Amino acid sequence: MEKINSPLKNPICFVAPGASSVDVRVRTPPSVAWSRLAYGLFQRTVKQNIRLLREVRGELQKNKIASAENESELLVRHFSGLERLDFFTGQFGVSPAARRRIKNAVKERLRGNPLGTVLGEAPFYGRTFFVSKHTLIPRFETEVLVEAVLKILKKEKLHAPEILDVGTGSGILAISLTLERRDCTMTALDSSAKALAVAKKNALFHGVDREIRFLKSDLFEKLGCRFKGHWDFIVSNPPYIAREDFKHLPREVLVEPRLALDGGADGLKVIRRVLDRAPYYLKKGGWIFLEIGSGQADLLRKNGTLAGYKDLRFVRDLNGIERVLAAQNG
Ligand SMILES: C[S@@+](CC[C@H](N)C(=O)[O-])C[C@H]1O[C@@H](n2cnc3c(N)ncnc32)[C@H](O)[C@@H]1O
């Protein structure tokens, strides 16, 4: 056999001595053959991945999950552990074990559990937090509170502020503020030991476990008189759903912990307790920031609960609802 250079770009031609040009056999070199085989496999994997995604999306749509498109991808990629690029280019397929996990997750979601609880995590202020059935799933509205706190901290030119987070839940407020303001000293309390365990796990995950003091307490009870006039800022997203409104809540909100939602008859029960006691723990001129429900700003303006405070502000969320009360200790 004589080896000649082919006029074609890639192949090498092997020509038998004396053979005419029609006998020339062009053999694909091994590297090209492997690429074609790999390409074929990727194509097959992409198809399988997409088929799975469509099945999950179909299942969610059939059960009237509003954001089925988005959720199906989150569920499939979360439980398969695949990056977007790997999933959609077919670099990796979904293993049988991952398929089982996805199937169970879809079942859980269809039973009415919030997406965050099914995934075990949820986003807040650009970071990811662990959540559980013992914590509230972070809401976008609560980011308004973080923004409001950071704005006033900057405006007041406060250095090394002492901040208290009342009802920390999964710890999103305490941790986000600690990460945004590395000079602050943070204390976070909650009456639920199970929520506090999740908050501590989040603090560890975000590398601020040594910077936050966690405390199990019914509001300020455990603080006693040691911390009188101690805090620059008290922040809280307390439970504020009025009893009456529970019957209008979607199923997936109702499975969240009652302790995180129930604000008593008019929704202001915990808010009133916090507003009543906070001045004792705030420095003079210190600030309180409270997340409130729709329509509660007017109730608070009217009923005199804010009498001891000055410089009252209500910050609106993206829907134009007065969502955060900011007030200074008078
Ligand atoms: C609406 S959730 C907010 C959780 C978290 N800060 C957030 O924004 O996602 C209210 C939290 O307050 C806690 N809580 C309710 N009543 C409380 C009380 N009396 N003392 C302390 N914490 C309380 C609940 O356990 C829950 O974690």
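Would a scan of region 115-137 turn up a residue that is loosely packed, with under 14 Cβ neighbours inside 10 Å, touching a Leu at 6+ places or on another chain (Cβ under 8 Å) and not assigned by TED's automatic domain parsing to the domain that holds ASP190?
No, region 115-137 contains no residue that is loosely packed, with under 14 Cβ neighbours inside 10 Å, touching a Leu at 6+ places or on another chain (Cβ under 8 Å) and not assigned by TED's automatic domain parsing to the domain that holds ASP190.
Which one is farthest from the ligand (Cβ to nearest atom) among residues in region 187-211 that are hydrophobic (A, V, I, L, M, F, W, C) and either within 10 Å of ALA174 (Cβ to Cβ) or assigned to a loop (DSSP other than H, G, I, E, B) (or both)?
VAL208
With the requirement that a residue be out of contact with any Ser or Thr (no Cβ under 7 Å at 6 or more places or on another chain) and not acidic (Asp, Glu), what does region 197-215 give you?
ALA197, LYS200, LYS201, ALA203, LEU204, PHE205, HIS206, GLY207, ARG210, PHE214
Tell me which residues, restricted to region 212-226, are among the basic types (Lys, Arg) and either at positive phi or near the ligand (Cβ under 9 Å from one of its atoms) (or both).
LYS216 - this is the single residue of region 212-226 that is among the basic types (Lys, Arg) and either at positive phi or near the ligand (Cβ under 9 Å from one of its atoms) (or both).
Only one of these is surrounded by 14 or more Cβ atoms within 10 Å (Cβ to Cβ), within 21 Å of ILE137 (Cα to Cα) and over 24 Å from the mean Cα position of the chain (by Cα): VAL270, VAL324. Name it.
The unique qualifying residue is VAL270.
Based on this model, can you work out whether ARG84 counts as charged (D, E, K, R), surrounded by fewer than 20 Cβ atoms within 10 Å (Cβ to Cβ) and within 24 Å of ALA195 (Cα to Cα)?
It is false that ARG84 is charged (D, E, K, R), surrounded by fewer than 20 Cβ atoms within 10 Å (Cβ to Cβ) and within 24 Å of ALA195 (Cα to Cα).
Looking only at region 160-186, how many residues end up being within 11 Å of the ligand (Cβ to nearest atom) and either touching a Ser or Thr at 6+ places or on another chain (Cβ under 8 Å) or closer than 16 Å to VAL270 by Cα (or both)?
Count: 9.
Name the single residue that is nearest to the chain's Cα centre (by Cα) among those in region 227-249 being within 16 Å of the ligand (Cβ to nearest atom) and farther than 23 Å from ARG301 by Cβ.
So the residue we want is LEU249.
Is region 297-313 home to any residue that is hydroxyl-bearing (Ser, Thr, Tyr), buried (at least 16 other Cβ atoms within 10 Å of the Cβ) and under 27 Å from the mean Cα position of the chain (by Cα)?
no
Can you tell me which residue among ASP218, ASP232, ASP183 is among the charged types (D, E, K, R) and buried (at least 16 other Cβ atoms within 10 Å of the Cβ)?
Among ASP218, ASP232, ASP183, only ASP232 is among the charged types (D, E, K, R) and buried (at least 16 other Cβ atoms within 10 Å of the Cβ).
If a residue must be more than 21 Å from VAL274 (Cβ to Cβ) and in a helix (DSSP H, G or I), how many such residues does region 173-182 contain?
Number of matching residues: 2.
The values are calculated or read from the model by the stated rules, or taken from the named source; none is laboratory data. None of the values given here were measured: they were computed from a predicted structure. With ideal geometry, Cβ positions are generated from the backbone for all residues, glycine too; neighbour counts draw on all protein chains shown.
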